[in-house]
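Only one structure is covered here, and it is reproduced in the block below.
Only the coordinates and a few stated rules stand behind these numbers; no lab work does. Computed from a prediction, not measured in an experiment: that's the story for all the values here. Every residue, glycine as well, gets a Cβ built from its backbone with ideal geometry; the counts of neighbours run over all protein chains shown.
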Amino acid sequence: MDALKSRIDHIEQEIIAACERSGRQRSDVTVIAVTKQVSAERAKEVIADGIVHLGENRAEGLLGKRQAITDHVIWHFIGNVQSRKVKDFITEIDYLHSLDRLGLAKEIQKRADHPVDCFVQVNVSGEESKSGLTPDEVGTFLEDLAVYDKIRVVGLMTMAPFTEDTNFIRQVFRSLRELRDEMAAKQLGHAPCQLLSMGMSNDYTIAIEEGATHVRIGTALVGTESEG
């Protein structure tokens, strides 16, 4: 078994176990392979192993892979977005995981040629180094998005702090789930807000236990270019 297949199998077993611990179905969780640090060739190997959701955090990386890969792929843009860069990639993606301001929403509305499924980014932990709305800002933000028909808010996204305090990580994810439930209860037509994008290579099992529907896994899945 090659190294990539071994990593994918290991992650799959971890996901199944996390779902079992939390009483969830495996089908509830979508794995996004974050391919930003590997080549298009490695991304093609990931696709061949059955993962069709790919995540990139820079327009150049996404467009380069999109051009090189002819397979069916569901493209996720997972990085912070400069408004001036929106025109470069917005027509090429299926999901945006980092909607966090009205200026960005206006640019998407102007540039997109189809409604884009968006996750609103929330800075649950309150770290100054992280982008995103505060939890208290999310409700008003969702209501303000009603005028943009090129934006459909499918859920919320957050990043947990890099810490060994798993209880704190769990609380961050739980808080986002509770906020998602609160937003979904509003039953906004443009913002069904059913999904949760949270969890990365170091904390995806905790995220799944707390309700993640989309986990963004980079090195733990795709490895590095120096390894198989």
Add -39500 (n - 2.57) for each DSSP H run of 4 or more in the chain, then divide by its residues: what number comes out at 222 nm, to the nearest 500 deg cm²/dmol? -11500 deg cm²/dmol
Separation in nanometres of the label points that stand 7 Å from Cα toward Cβ, at D49 and S27: 2.5 nm
Run the quick spin-label model on I74 and F162: label points 7 Å from Cα toward the beta carbon, then report their separation in nm to one decimal. 2.9 nm
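Given the Cα-Cα distance of Q67 and I16 and 0.36 nm per residue of separation, how much length would full extension add, in nm?
Separation in residues times 0.36 nm, less the Cα-Cα distance, equals 15.0 nm.
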So which GluC sites (Glu not before Pro) in segment 185-228 are both in a DSSP loop and have at most 14 other Cβ atoms within 10 Å of their Cβ? E225, E227
Expressed in angstrom and ordered largest first, the alpha-carbon extents of segment 15-95 along the principal axes are 43, 28, 20
Neighbour cut-off at most 11 other Cβ (10 Å), DSSP loop, GluC sites (Glu not before Pro), segment 118-154: E128
Calculated FRET value between S39 and A220, using beta carbons and R₀ = 25 Å, to 0.05: 0.90
Fully extended contour minus Cα-Cα distance, from R111 to N202, at 0.36 nm per residue: 29.3 nm
Considering only I16, I217, I93, give the residue with the highest GNM mean-square fluctuation for the chain, with springs between Cα atoms whenever their separation is below 10 Å. I16
What is the gain in length, in nm to one decimal, between H190 and S131 on full extension, counting 0.36 nm per residue of separation less the C-alpha to C-alpha distance? 18.9 nm
So for segment 3-221, using the alpha carbon gyration tensor with a ≥ b ≥ c as root eigenvalues (a/c under 1.5 gives rounded; past that, a/b versus b/c decides prolate or oblate), I'd call it oblate
